[in-house]
Ligand code: FNR
């Protein structure tokens, strides 16, 4: 029998249910990683190489999980990251995530390749709820300019340019499932022809410009006042270059293991980046986020100890939404909050600013 929602006790439980209830093609698209899925698996297991050095005898009666990301106060330092094709898992699509994010006062990053239209997802917002936009850059810059200007007009508070996908990775599980209903599930691609023989991902991505390069960054800065961030950075040299280029943040990410197999996990890259930025006095010049494999509040805490401003979470909310709709997303977020509060107590930190590198032992990471 299928577990009822109350029997999901952690984020992994939603994945198990989703695997059983989702259509095979949808499951293949959401769960797949590139090639041998080594990076996909590493994303979560990398967190297992970091251990805590808790402080004792700290007053942890009251725990404050709130923090600020790109100027927005949020209730807990994670955001719902951009994942394409929400309607594959739930007929209502990304607006379900908008509602969950609102309830928990967290930010949602809207994907360029959402199933709902961009305006539908904005319209779902209430009050001072905040959304960001994930941008795939079109070969036709006029289209990209229109998307950016429209997002700014609709109140988006951050522009995340995806830089790890000049070509979509080979996700063989997805390719084998011979994806057939792409057209009805995506908008905003700029109306190009869809080749369905290569799986969902490749079918919808042919508009993405592989010529995008550093020289384009000034143009992005000139067309919007939104903060610009690069999503998919993998090395400290590029973080430093991003700072000189004038962007406000980076996401250390490997696209959920869906692009370059053997790209390192976000947490591993973070452990490389932060000490070097501190050494150069650059750590306050830019906001650093990571995503990939975050399933437990302890994963979030480890990233914050290393110096991340916040983390993105993708698949767990897709699975929760696919298995149980909004109540699933709501419960997944609440579980994370409960886990976070307890583990902050146990590590000896009553607020986010008390988390620091001394509270973790990173000697197990491969670089040390
Ligand atoms: C993604 N991701 C992604 N990233 C992006 O920049 N544009 C996109 O359209 C998508 N689409 C997408 C679809 C699906 C089904 C997944 C699972 C992921 C990558 C995403 O933003 C993020 O980097 C990872 O999902 C983070 O890893 P976890 O939390 O899924 O392990």
For this session: Take residue 160 and decide whether it is modelled with pLDDT of 90 or more and within 13 Å of the ligand (Cβ to nearest atom).
Result: yes
Problem set entry | Members of the stretch 169-178 found to be more than 22 Å from the chain's Cα centre (by Cα) and in a loop (DSSP other than H, G, I, E, B), listed by number | 177, 178
Exercise. Is it the case that residue 134 is under 20 Å from residue 226 (Cβ atoms), within 13 Å of the ligand (Cβ to nearest atom) and either in a helix (DSSP H, G or I) or at pLDDT 95 or above (or both)?
Worked result: yes
Exercise. Of all residues in the stretch 31-71, which are assigned to a helix (DSSP H, G or I) and within 30 Å of residue 21 (Cβ to Cβ)?
Worked result: 31, 38, 39, 40, 41, 42, 43, 44, 45, 46, 47, 48
For this session: Please verify whether the stretch 12-26 includes one or more residues that are more than 16 Å from the ligand (Cβ to nearest atom), in contact (Cβ under 8 Å) with a residue 40 or more places away in the chain and not in a helix (DSSP H, G or I).
Result: no
For this session: Name every residue in the stretch 56-92 that is within 17 Å of the chain's Cα centre (by Cα) and on the phi > 0 side of the Ramachandran plot, in order of residue number.
Result: 70, 85
Problem set entry | Sole exception among (1) crowded, with 19+ Cβ neighbours inside 10 Å; (2) away from the ligand (no atom under 12 Å from the Cβ); (3) closer than 22 Å to residue 213 by Cβ for residue 274, by number | (3)
Exercise. For the stretch 249-263, which residues satisfy the criterion of being part of a loop (DSSP other than H, G, I, E, B) and in contact with a strand residue (DSSP E or B) (Cβ under 6 Å, 6 or more places away or on another chain)?
Worked result: 253
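Results for (1) assigned to a loop (DSSP other than H, G, I, E, B); (2) at pLDDT 95 or above; (3) closer than 27 Å to residue 94 by Cβ, shown as yes or no for each residue.
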residue	(1), (2), (3)
270	no, yes, no
273	no, yes, no
281	yes, yes, no
304	no, yes, yes
317	no, yes, yes
Exercise. When the residues of the stretch 179-189 are filtered to those that are at negative phi and under 22 Å from the mean Cα position of the chain (by Cα), which remaining residue is modelled with the highest pLDDT?
Worked result: 186
Exercise. Is at least one residue of the stretch 138-157 within 13 Å of the ligand (Cβ to nearest atom), closer than 20 Å to residue 231 by Cβ and crowded, with 17+ Cβ neighbours inside 10 Å?
Worked result: no
For this session: From the list 331, 296, 258, 264, pick out the single residue that is in contact (Cβ under 8 Å) with a residue 24 or more places away in the chain, more than 18 Å from the chain's Cα centre (by Cα) and either within 11 Å of the ligand (Cβ to nearest atom) or on the phi < 0 side of the Ramachandran plot (or both).
Result: 331
For this session: Output yes when any residue across the stretch 234-250 is closer than 19 Å to residue 84 by Cβ and within 16 Å of the ligand (Cβ to nearest atom), and no when none is.
Result: no
Exercise. Which pairs do you get when a residue that is on the phi > 0 side of the Ramachandran plot, found in the stretch 130-141, comes within reach of a residue that is surrounded by fewer than 24 Cβ atoms within 10 Å (Cβ to Cβ) and modelled with pLDDT of 95 or more, reach meaning Cβ atoms under 7 angstrom, with the pair 6+ apart or on two chains?
Worked result: none
For this session: Please enumerate the residues belonging to the stretch 149-168 that are assigned to a loop (DSSP other than H, G, I, E, B), in contact with a helix residue (DSSP H, G or I) (Cβ under 8 Å, 6 or more places away or on another chain) and closer than 12 Å to residue 208 by Cβ.
Result: 164, 165, 168
Seminar exercise, completed: Of 203, 245, 263, the only residue that is crowded, with 16+ Cβ neighbours inside 10 Å, at pLDDT below 95 and in contact with a helix residue (DSSP H, G or I) (Cβ under 6 Å, 6 or more places away or on another chain) is 203
Exercise. Among the residues of the stretch 105-131, how many are away from the ligand (no atom under 16 Å from the Cβ) and in contact with a helix residue (DSSP H, G or I) (Cβ under 7 Å, 6 or more places away or on another chain)?
Worked result: 5
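The values are calculated or read from the model by the stated rules, or taken from the named source; none is laboratory data. As the structure is a prediction and not an experimental result, all values here were calculated from the model. All Cβ positions, even for glycine, are placed from backbone atoms using ideal geometry, and neighbour counts span all protein chains on display.
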